[in-house]
Amino acid sequence: MQRIKITRTSNSSIDSLDFNNIPFGSTFSDHMFEADYKDGEWCNFEIKPLRRLSLHPGNAALHYGQSIFEGMKATKHVDGTPLLFRPEMHSERINASADRMCMPTFPEDVFLEALHMLVDLERDWIPPTEGSALYIRPFMFATDEAIGVRPSKSYKFIICTLPVGPYYPKPVSLYADTEYIRAAHGGVGEAKTAGNYAASLYPAKKAMEKGFDQIMWLDAKEHKYVQEVGTMNIFFVIDGKLITPSTTGTILKGITRNSIIHILRDEGYQVEERLIDINEVISAAKDGSLTEIFGTGTAAVVAKVDRLAYQSDDFSFELQEDSIANKIKAIINGMRSGTIEDKYGWVVPVKSLAAKSV
Ligand SMILES: *Cc1c(COP(=O)(O)O)cnc(C)c1O
């Protein structure tokens, strides 16, 4: 493997960061990882000071949308060691997205090494309080400079990191939409590709105008089977059992979803992955057997749902402190700060590369 070069900034902006008040999404750390794909291979692996990119007007990603991303988080162990969470799964998923979008896969060994080196270098940017994290945004986009619908021959792969404060997600209200859809069988719903989010903005705006935070997507064909929410997978607790839609091509395979299913089963809960008819959810809400709905994803970990509307029905839910949502969130956050044992081997201490020279 080609070595990853490191060029350190001489001008860190960490002193201007107020760890108690970090604007989400717009505060970037000092460095980024960058690589290029040309002539059929990845090259120019480098960690360098965060910089603006300059783009040709013919940039293929801008016109035809070959653009994919990941979202992950580094946390700090109570002893100060930076920790990654299931990094290989993110590598696999970005490569699955790449395949679907006709983009080259990125070598897992370089991806992991770049993550370790970058997070090690930016360790002071990881906010120390539980629930805070260094958000990691790997992404890849086409860089051919020509108009024409075809797979680009050149690409850029970048990893940026952003400190994020403790996330106290407000409960979310959901509108089960029967007009707009997110993904159809045969489409790109399983890929974390930019266009999926662009396509969701208009329906989401409509739902917000109706007074809801987000859309609960239903399937594209019958507008009946529950899919997911925004950038979260969804779980229902009905008669004490957990039910979540199976991932059969139209739903993003959340790593938080996967982790939560494992943990819940080990905690003795029954978890069903299957088709869920929205009418089943509505009947369960009516007869009181539906006790919780929550979304799961890297950003919030777990976000409770306090309202769900579908056609003429509109339910509000009382949130209990002893909810399954709270319990699962405490377990995951505890694993990610080292206060709860990780028996799965998901939490990966960042290798300190201080020994290696620049
Ligand atoms: C990223 C994402 C999720 C959650 O995935 P995690 O790996 O748990 O962060 C769920 N749905 C969509 C549409 C997403 O983009």
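Quick look at the values:
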read-out: Greater than 31 Å apart at Cα, pairs in Lys192/Lys329; Lys153/Lys221; Lys73/Lys286; Lys5/Lys192; Lys5/Lys343; value: Lys153/Lys221; Lys73/Lys286; Lys5/Lys343
read-out: Kirkwood-based Rg to Rh ratio, the chain, C-alpha trace; value: 0.97
read-out: Fully extended contour minus Cα-Cα distance, from Lys210 to Arg100, at 0.36 nm per residue; value: 36.2 nm
read-out: Student exercise, the stretch 172-318 dipole from Lys, Arg, Asp, Glu Cβ charges, in Debye to nearest 20; value: 480
read-out: Selection from Phe294, Pro107, Val188 lying farthest towards where the dipole of the chain points positive, charges on Cβ; value: Pro107
read-out: Dipole of the stretch 218-307 [Lys/Arg +1, Asp/Glu -1 at C-beta], most positive-end residue of His223, Leu252, Ile282; value: Leu252
read-out: For the chain: accessible area per residue (Å², 1.4 Å); value: 47
read-out: Euclidean distance of C-alpha centroids, the stretch 30-98 and the stretch 207-268, integer Å; value: 27
read-out: Whole-Å semi-axes of the ellipsoid equivalent to the stretch 244-358 (Cα gyration tensor, √5λ, descending); value: 34, 16, 14
read-out: Rounded to the nearest 10 Å², the accessible area of Cys43 at probe 1.4 Å; value: 20
read-out: Carbon/sulfur fraction of accessible area - the stretch 173-251, other protein chains in place, 1.4 Å, %; value: 52
read-out: D_trans [Stokes-Einstein, Kirkwood Rh over alpha-carbon pairs] for the stretch 172-318, 4 °C, 1.567 mPa s, µm² s⁻¹; value: 85
read-out: Mean-position separation - Cα centroids, the stretch 120-188 and the stretch 304-358, in angstrom; value: 18
read-out: Low-density loop cleavage sites - GluC sites (Glu not before Pro) in the stretch 211-268, where at most 13 other Cβ are within 10 Å (DSSP); value: Glu222, Glu267
read-out: Whole-percent carbon and sulfur share, accessible surface of the stretch 28-150, 1.4 Å; value: 50
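The values are calculated or read from the model by the stated rules, or taken from the named source; none is laboratory data. Values in this document were obtained by computation on a predicted structure and should not be read as measured data. Backbone-built Cβ (ideal geometry, glycine too); neighbour counts: all protein chains shown. Keep in mind that these areas ignore ligands, DNA and RNA; they rest on the heavy atoms of the full protein, side chains included. Shrake-Rupley method; radii C 1.70, N 1.55, O 1.52, S 1.80 Å.
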